[in-house]
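Everything on this sheet refers to the single structure shown next.
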Amino acid sequence: MALTPEQQAQVDLQEAMEASRRAHEIVMDKRRARLEAVRLAKETLIENARSKPVDARDVSAADITAFAAALEAHIDA
């Protein structure tokens, strides 16, 4: 059974909206994954620093972002 032009337009609109929603979900999932990698990197580096002497426990933002990037690269590989 063929669709009327109005029905086809509605189907096309729904498909476009669904594709846009899926694309947005993918972007948001990637952001959540990056945030989780940063959180995990921070917690890991701070926990590892506890075993060091007090004057050597410095964990910088650069350390966290580098470790988070390494985690993301490992996951994406």
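For this structure, a couple of remarks:
- Annotation for residue 25 and residue 74: the two label points, set 7 Å from Cα along the Cα-Cβ direction, are 2.9 nm apart.
- Per residue, the convex hull spanned by the Cα atoms of the range 8-76 measures out at 77 cubic angstrom.
- Relative contact order (%) - criterion: Cα under 8 Å, at least six apart; region: the range 8-76: 33
- Phi to ³J(HN,Hα) by Karplus 6.51 cos²θ - 1.76 cosθ + 1.60 over the range 19-33, Hz, x for Gly, Pro: 5, 5, 5, 5, 5, 5, 4, 5, 4, 5, 5, 5, 5, 4, 5
- Note, ³J(HN,Hα) from phi for the range 64-77, Karplus 6.51, -1.76, 1.60, rounded to Hz, x at Gly and Pro: 5, 5, 5, 5, 4, 5, 5, 5, 4, 5, 5, 5, 6, 6
- In this Cβ point-charge picture (+1 for Lys and Arg, -1 for Asp and Glu), the chain has a dipole of about 400 debye about its Cα centre.
- For the range 8-76, with +1 on Lys and Arg beta carbons and -1 on Asp and Glu, the positive-most of 33, 11, 49 along the dipole: 49
Read-outs: derived from the displayed coordinates by stated rules, not from any lab. Just so it is clear, the model here is predicted, and its values are computed rather than measured. Heads up, the Cβs are rebuilt from the backbone with ideal geometry, glycines too, and the neighbour counts pull from every protein chain shown.
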